[in-house]
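Worksheet: the structure to be examined is printed underneath.
None of the figures in this text is laboratory data; all of them are computed from the coordinates on show. The shown structure was predicted, so the numbers you read here are calculated from the model rather than taken from an experiment. Note: ideal-geometry Cβ built from the backbone for every residue, glycine included; neighbour counts use all protein chains shown.
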């Protein structure tokens, strides 16, 4: 597995890098058969250290975890524990409910836009009702089953996931509802 360990405005020493590789490697190898790479970013937020970890699996799924602590090693250890919990749940679901995926997840391109917030009522009326695009990026949409899409959304910690449904060859959406349940939008073609 390839590791990319970086610090935002802080120095990451060799001892911390060795600790990260050993601990995260043990966690990932315990629950994931073929991880491809891991990206770990350390940063500082006020008096706390923040550790963000992203692990890409050979199946195309991605696991993400984030933790805060007053010490940098504690931040990583908390992040590693969250990652372990996610991967353990992912492996249990694969074993209990889902088929093993032999090929990587199919991806196809799409555009992702970030829109500016709407103008408040107190401000002047805008010239046009078209939203202002702040950023445009290329993104990948995965071809997954509904169960895999729910797992990917939970692994990524995202509130919503757009995916290509393998069973119907159409775009679908899974999202976390306010009541805590998962919603699934399956448009009729």
52, 33 arranged by Cβ crowding within 10 Å, fewest neighbours leading: 33, 52
Spin-label model distance (nm) - residue 30 vs residue 89, 7 Å beyond Cα toward Cβ: 1.7
Cα-only Debye scattering, region 2-96: base-10 log of I(q)/I(0) at q = 0.10, 0.15, 0.20 Å⁻¹: -0.25, -0.54, -0.91
